[in-house]
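Only one structure is covered here, and it is reproduced in the block below.
The numbers here are math on the coordinates, done by the rules we state, and not lab data. What you see is a predicted model; the values in this text were computed from it and never measured. Here the Cβ is made from the backbone with ideal geometry for all residues, glycine too, and neighbour counts use every protein chain on show.
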């Protein structure tokens with residue numbers, strides 16, 4: 001199947017096969033996107049071949065057919081990955097040897113072609129040693145050469161090749177293989193969220209997905225603009241960067257024992273005591289890090305009409321507080337501002353949403 005025209009701004013979205021709050025592929029508002037990512041294909045830890053997760057095989061195998069039934073012009077990419085940070089991940093193992101990289105690469109191309117995907121996306125979060133970064137570079141160079149060779153051999157349009165990366169080109173103290181990224185990938189998806197959540201900032205709330213951050217106590221500001229600038233100063237130009245927009249946020253328990261003015265108590269960086277309860281007034285919050293989907297946030301707001309909803313133009317984030325719960329997230333105002341600055345201020349290739357199942361009646365998908 002020929003790929004749709006991809007000489008265009010990227011307005012992407014990830015579909016995630018979430019077992020807790022599943023989203024049928026057929027429910028994705030495909031008309032709101034130029035590119036859709038099916039997440040996540042898995043890597044066999046023994047053979048290092050790429051496969052669909054067995055319980056979601058049907059949705060992956062019909063993904064392109066289903067979303068193009070609504071929008072024939074949407075481009076689909078098969079995303080291979082994991083959601084957590086692991087220094088001993090399957091990716092670290094497969095990337096360490098030529099033969100295992102070859103098994104991964106060949107099977108990924110075969111799987112994408114067999115089910116009419118137009119591209120492949122790597123979601124290895126995050127290479128955590130100097131050696132892993134070097135091996136990632138080898139993987140990307142070999143993968144890029146392989147998709148080019150396959151296209152020349154078959155006459156098919158070349159598969160797109162994308163990777164999700166940390167918001168900065170340095171993770172911990174380890175530099176990403178920027179030469180290999182610039183030489184092999186069509187673009188990078190910048191993970192520009194989760195800057196603050198209760199797992200990272202237990203004692204204070206924070207701007208979950210700050211576009212800007214002038215907080216005086218930050219040695220390295222956790223914000224998208226700093227990452228964009230650093231990546232753009234490497235060999236990865238702004239026109240090959242796609243900004244991540246979260247369709248979820250993070251919920252803290254406010255520390256009400258500290259004597260503060262009411263306005264300070266509900267502000268960004270207000271004192272907190274960890275993540276909100278896993279079942280906060282009928283909505284689901286991940287008890288480990290306080291993450292909560294956008295549709296759950298809006299439901300929580302409806303349950304608390306007395307709550308305070310605020311927007312910060314300094315950080316470009318929204319936040320809501322009610323009783324002893326404080327939630328940082330992106331709503332219509334912050335998404336609109338981010339999309340505007342991605343286009344006009346930073347001149348990026350586009351933006352993507354993680355993930356479409358977090359939206360509510362397409363409110364965020366049509367914003368921008």
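Remarks
- Degrees, to the nearest 10: 224-233 long Cα axis against longest axis of the chain: 40
- Rel. contact order, % - alpha carbon contacts under 8 angstrom, at least six apart, the stretch 250-329: 32
- Using C-alpha pairs under 8 Å with a sequence gap of at least 6, the mean separation divided by the residue count of the stretch 153-270 gives a relative contact order of 28 percent.
- Unit Cα scatterers, Debye sum, the chain: log10 I(q)/I(0) for q = 0.13 Å⁻¹: -1.04
- Top of 32, 324, 19 by mean-square fluctuation, Gaussian network on the chain, Cα under 10 Å: 19
- For peptides 44-50, 342-348, 191-197, sequence by mean Cβ density within 10 Å, most packed first: 191-197, 342-348, 44-50
- For the options 15, 202, 143, a Gaussian network treatment of the chain with springs between C-alpha atoms closer than 10 Å singles out 202 as fluctuating the most.
- Normalised by the number of residues in the chain, the mean separation of alpha-carbon contacts (under 8 Å, six or more apart) gives a relative contact order of 16 percent.
- The share of Cα pairs per 5 Å bin across the stretch 111-221, counted from zero up to the longest distance, runs 2, 10, 17, 19, 14, 13, 10, 7, 4, 2, 1, 0 percent.
- Most fluctuating residue given options 256, 125, 185, as computed from a GNM of the chain linking Cα atoms under 10 Å: 256
- Reciprocal of mean inverse Cα separation for the stretch 31-85 (Kirkwood radius, Å): 12.2
- For the stretch 250-329, the equivalent ellipsoid derived from the alpha-carbon gyration tensor has semi-axes of 18, 15, 12 Å in decreasing order.
- The angle between the Cα long axis of helix 130-154 and the main principal axis of the chain comes to about 50°, on a 0 to 90 degree scale.
- With helices as the sole contributors, the chain gives -8500 deg cm²/dmol at 222 nm; each DSSP H run of n ≥ 4 counts as -39500 (n - 2.57), and the sum is divided by every residue.
- The stretch 291-368 and the stretch 214-233: distance between their alpha carbon centers, rounded to Å: 20
- The chain: angle of helix 294-303 to the longest principal axis, Cα-based, in degrees nearest 10: 20
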